[in-house]
1. Amide H neighbours of Asp48 under 5 Å, counting only residues 5+ apart in sequence or on other chains, H built in-plane at 1.01 Å?
2. Evaluate the distance, in nm, between pseudo-label points positioned 7 Å from the Cα of Phe86 and of Ser11 along their respective Cα→Cβ axes.
3. Considering Cα pairs under 8 angstrom that are at least six residues apart, work out the relative contact order of the chain and quote it in whole percent.
4. Give the value in nm², to one decimal: projected area of the alpha carbon convex hull of the chain, averaged over all directions.
5. With +1 assigned to the C-beta of every Lys and Arg and -1 to the C-beta of every Asp and Glu, and no other charges, what is the dipole magnitude of the chain about the Cα centre in debye, to the nearest 20?
6. Once fully extended, how much extra length lies between Glu43 and Lys28, figured as 0.36 nm per residue of separation less the alpha-carbon to alpha-carbon distance?
Amino acid sequence: MFFLLLKYAISDFLSEKELQNLSGNTLKGYAKFFREFKRWTMEQELTDASEVTQAHIKSYLLHCKNERGNNPTTINVKLKKSQYLF
């Protein structure tokens, strides 16, 4: 079975984006999103990137809306960023 720790998947993704010469602000935005997402997945005891489902993404976005008070625009940005990795 394929097993890839989420932290390595995120690290690889960020390295790939850096090689694509994205702006520093864009890279910081990705890093911040994935840092927050990784923290949430650890609370959910999710460590394997292959186990993250659309249901997990939806649950995370609901958490951001209801618990963190993120507005609809921020939620949409987070949804878009999550689609790059999952």
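Coordinate-derived values only; no laboratory data. None of the values given here were measured: they were computed from a predicted structure. When we count neighbours, we look across all protein chains shown, and the Cβ atoms used for this are built from the backbone with ideal geometry, even at glycine.
1. Distant-sequence amide H within range of Asp48: Leu6.
2. Computed distance between label sites Phe86 and Ser11 equals 2.1 nm.
3. On the way: 45 pairs, mean separation 31.8, N = 86.
Taking the mean separation of contacting Cα pairs over the length of the chain, I get 37 percent.
4. For the Cα atoms of the chain, the hull's average projected area reads 5.7 nm².
5. Its charge dipole is roughly 400 debye.
6. Here the segment from Glu43 to Lys28 would lengthen by 3.1 nm.
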